[in-house]
Amino acid sequence: MMMQIVGSFAEFERAMLRERTKSGLDATRKNGRVGGRRPKLTLQQQKEIVALVSTGQKTGADAARLFRVHPSTVVRLLAKHRLEGPASA
């Protein structure tokens, strides 16, 4: 019986923590702050990478070294570009 009471308190505390976290995140979103990690590359850099690799001036690995990002970042960027189409990048 004692363990059930302790479990109930723990469950209640967890619910309170979840509620406080959610309300805090909602408040910061209302103030205009967006959560998450900042992009490693600016939009201009992304366009430049797509142009360099698409025209064959650089390989994906060369572009990654040039902009000091991991090659998988360039691969993801190029895949996104292919899905969206050339006009949007």
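What nm value, rounded to one decimal, do you get for the distance between K47 and H70 when each label is placed 7 Å out toward the C-beta?
Spacing of the two 7 Å Cα→Cβ label points: 2.7 nm.
Rounded to the nearest 20 debye, what is the charge dipole size of the chain about its Cα centre when +1 sits on each Lys and Arg Cβ and -1 on each Asp and Glu Cβ?
Dipole of the chain, to the nearest 20 debye: 280 debye.
Net charge around E84, counting only other residues with Cβ within less than 15 Å of its Cβ (Lys, Arg = +1; Asp, Glu = -1)?
That sum, taken over residues with Cβ under 15 Å, equals +4.
Which order do the peptides 63-72, 36-45 come out in when sorted by mean C-beta neighbours inside 10 angstrom, highest first?
Averaged packing, sorted descending, gives the order 63-72, 36-45.
Quote the relative contact order of the chain in percent (integer), defining contacts as alpha-carbon pairs under 8 Å separated by 6+ residues.
The value is 17 percent.
What nm distance separates the two modelled labels at K40 and A61, each placed 7 Å from Cα along Cα→Cβ?
Simple spin-label model gives 1.6 nm for this pair.
If one takes the longest principal axis of the Cα atoms in the chain, at what angle in degrees, from 0 to 90 and to the nearest 10, does the Cα axis of helix 2-30 lie?
40
Count the net charge of all other residues whose Cβ sits under 12 Å from the Cβ of V74, scoring Lys and Arg as +1 and Asp and Glu as -1.
Summing Lys and Arg as +1 and Asp and Glu as -1 gives +4.
Using a simple charge model, +1 on the beta-carbon of Lys and Arg, -1 on the beta-carbon of Asp and Glu, nothing else, what dipole does the stretch 5-54 show about its Cα centre, in debye to the nearest 20?
In total the dipole reaches around 220 debye.
Measure of size requested: the Rg and Dmax of the stretch 43-88, with Cα atoms as the atom set and Å as the unit; please supply both.
Answer for the stretch 43-88, Rg first and Dmax second: 9.5, 26 Å.
Counting only C-alpha contacts under 8 Å and six or more residues apart, can you give the relative contact order of the stretch 43-88 as a whole percent?
29
Name the aspartates and glutamates eligible as straight-distance cross-link partners of K47: C-alpha to C-alpha under 14 Å, and not fewer than 8 places from it in the same chain.
E84
Around K47, with a cut-off of 13 angstrom between Cβ atoms, what is the net charge of the other residues, counting Lys and Arg +1 and Asp and Glu -1?
It works out to a net charge of -1.
Which listed residue (T73, Q57, L43) has the Cα farthest towards the positive end of the charge dipole for the chain, taking +1 on Lys and Arg C-beta and -1 on Asp and Glu C-beta about the Cα centre?
Going by the charge dipole, the pick is Q57.
What ratio of Cα Rg to 2.2 N^0.38 Å holds for the stretch 9-82?
My calculation over the Cα atoms of the stretch 9-82 gives 1.77.
Values in this text are rule-based calculations from the coordinates and carry no lab data. Just so it is clear, the structure is predicted and the values come from calculations on it, not from any experiment. Quick reminder, even Gly has a Cβ in these numbers, built from the backbone with ideal geometry, and neighbours come from all protein chains shown.
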